[in-house]
Amino acid sequence: MPRLTALAVPVYAELLSGVVASVIGTLWVAGLGGAAVAAVTLAGTVENLLLGLVLVVASGTSVRLSHALGAGDRAEADRTARAAWRLCAAGSLAIAVPGFLLRDRLAGAFLDGEAAAHAAEYFTVAFPAFALFFGQRVADELFKGAGDTRTPMRVALLSNALLLVLDPLLILGAGPVPALGVPGAALALTLSRAVALAVTLRLRGRGRVPQQTGGDGGVWAAAARIVRAGTPFGLDFTARMAVGTAQLGLVAGFGVAAVAGYGVGYRMLLVVTMAFYALRQAAAIEAARLTGAGETGALRTLHRDTGRLAALLGAGAVVLSATLAVPLTAQFTDDPAVAAQSVGFLRMAALYLLPYALVVALGGIHQAAGAGRPLVLSVLLGLGVQLAASAGLSGPLGVSGVWLGPAVGAVLQLALLSLLVGRLAAPAAEAPTAGTPRGCSSTVAPGGRIGSTAVTPGRVLPNGAVRMTRRSDGRT
């Protein structure tokens with residue numbers, strides 16, 4: 001549990017700093033008018049959708065690297081790092097080039113007039129710089145896969161602190177620096193990411209271990225393993241984003257005050273839900289390492305400790321949401337209608353935060369341990385039920401019914417997750433020790449001669465060594 005906490009706390013600080021910088025940046029853009037806010041909101045939505053694809057590579061990289069290091073396979077760790085950068089380059093080109101060429105059509109598909117023009121201006125800067133975003137995520141996950149979550153945290157704090165300075169400077173202008181408006185927001189984000197990536201690559205270069213030689217076949221096979229390991233994480237994120245967007249559409253049917261109240265309450269909940277996702281990342285990194293080392297007993301302990309920490313975080317979030325809804329909302333709005341909607345949302349959210357914390361945190365373990373496919377299926381079923389419940393309950397209960405849907409979906413996901421854990425635990429307990437050699441094994445005679453004979457299998461230790469047993473004739 002101490003190691004899990006040590007991994008999770010820096011991740012939480014990293015995630016929270018990004019949320020704070022995003023909110024403050026939106027406030028600076030708000031001074032330019034509604035069209036500018038709409039343009040930046042669209043840009044943020046597009047980036048969140050693309051993040052689902054980035055997570056396939058980024059999450060897969062940390063899982064596969066941690067797995068390789070846990071197994072003591074340095075060559076596979078090197079192949080994983082090289083494969084991650086190749087996937088990053090290919091993915092950046094596949095997204096940046098079409099995005100830049102189609103930026104006007106993309107902006108016009110969602111906005112019109114001045115807002116569409118602002119969005120196109122933002123995309124003109126953002127899409128060519130997409131490689132910085134992708135590269136930073138990959139570099140961060142290479143550190144995390146090696147068990148270092150503090151370096152990505154420090155770089156994130158540097159990047160977001162720089163963004164807080166550049167946003168007002170480039171958006172509104174100061175002295176000789178002209179006011180660039182919406183393109184200035186994109187340029188500020190690009191510059192902060194460029195500095196962060198340069199610092200990250202320099203830090204990574206200092207502690208770099210010489211790579212093993214190997215052909216492209218091994219690297220591309222490692223790339224395929226990264227994609228397989230990361231796909232469940234990307235699908236999970238994308239599905240939650242899609243359902244969240246549909247949920248917002250249901251809330252919009254109850255008026256502007258309901259949407260505004262939902263927005264205020266949701267931003268406050270990010271402070272606690274980011275802790276759930278920080279624990280998820282930490283648990284996934286540790287689970288991949290233990291799986292690679294074949295330490296099934298330690299993996300069960302990790303599952304127990306993660307569940308306890310998630311329950312503690314979830315219970316704390318429930319108390320905060322239920323008891324502090326009124327004073328917290330008062331810090332963000334003085335509109336009575338919006339405040340009432342925000343308070344109502346936060347109090348209803350108290351019903352789903354505990355099961356949601358458990359689903360998010362424990363899900364990371366099973367995805368990293370190779371059970372991602374059935375787990376994603378349970379998430380998709382739970383989210384589908386959530387959306388159906390929100391739509392169905394909105395009739396008799398109004399907007400409160402929409403907010404009750406996530407609780408129904410989270411409880412179902414937790415039930416499906418418990419069923420999955422029960423089904424996977426039995427086969428795992430009966431399986432032989434991972435990596436145990438069978439059949440003929442090398443033996444060493446007392447004089448040093450190496451021969452071959454049929455022996456009882458040796459046990460593979462976590463560091464990759466094989467513990468052999470000495471026979472009665474002196475051989476081992």
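The values are calculated or read from the model by the stated rules, or taken from the named source; none is laboratory data. In this text, all values refer to a predicted model and were calculated from it rather than measured experimentally. Here Cβ is always computed from backbone atoms with ideal geometry, including for glycine, and neighbour counts include all displayed protein chains. We work out accessible area using only protein heavy atoms, side chains counted, and drop any ligands, DNA or RNA first. Shrake-Rupley method; radii C 1.70, N 1.55, O 1.52, S 1.80 Å.
Put simply, of 391, 315 the only residue that is touching a residue at least 12 places away in the same chain (Cβ under 8 Å) and surrounded by 15 or more Cβ atoms within 10 Å (Cβ to Cβ) is 391. Can we say residue 143 is open to solvent by less than 50 Å² (accessible area, probe 1.4 Å), closer than 30 Å to residue 68 by Cα and touching a Pro at 6+ places or on another chain (Cβ under 7 Å)? Answer is yes for this residue. Of all residues in region 171-183, those that are in contact with a helix residue (DSSP H, G or I) (Cβ under 6 Å, 6 or more places away or on another chain) and within 14 Å of residue 27 (Cα to Cα) total 2.
Within region 287-312, being open to solvent by 40 Å² or more (accessible area, probe 1.4 Å) and acidic (Asp, Glu) holds for one residue alone: 295. Listed by first and then second residue, the pairs linking a residue in region 96-115 that is in contact (Cβ under 8 Å) with a residue 24 or more places away in the chain to a residue that is among the charged types (D, E, K, R), with Cβ atoms under 9 Å apart and 6 or more places separating them unless they lie on different chains, are 103/121; 107/121.
Just one of the listed residues (203, 189, 197) is modelled with pLDDT of 95 or more and assigned to a helix (DSSP H, G or I), namely 197. The lone criterion from (1) more than 18 Å from the chain's Cα centre (by Cα); (2) more than 30 Å from residue 255 (Cα to Cα); (3) among the aliphatic types (A, V, I, L, M) left unmet by residue 407 is number (2). Against the test of being under 29 Å from residue 184 (Cα atoms) and hydrophobic (A, V, I, L, M, F, W, C), the options 96, 77 yield a single qualifying residue, 96.
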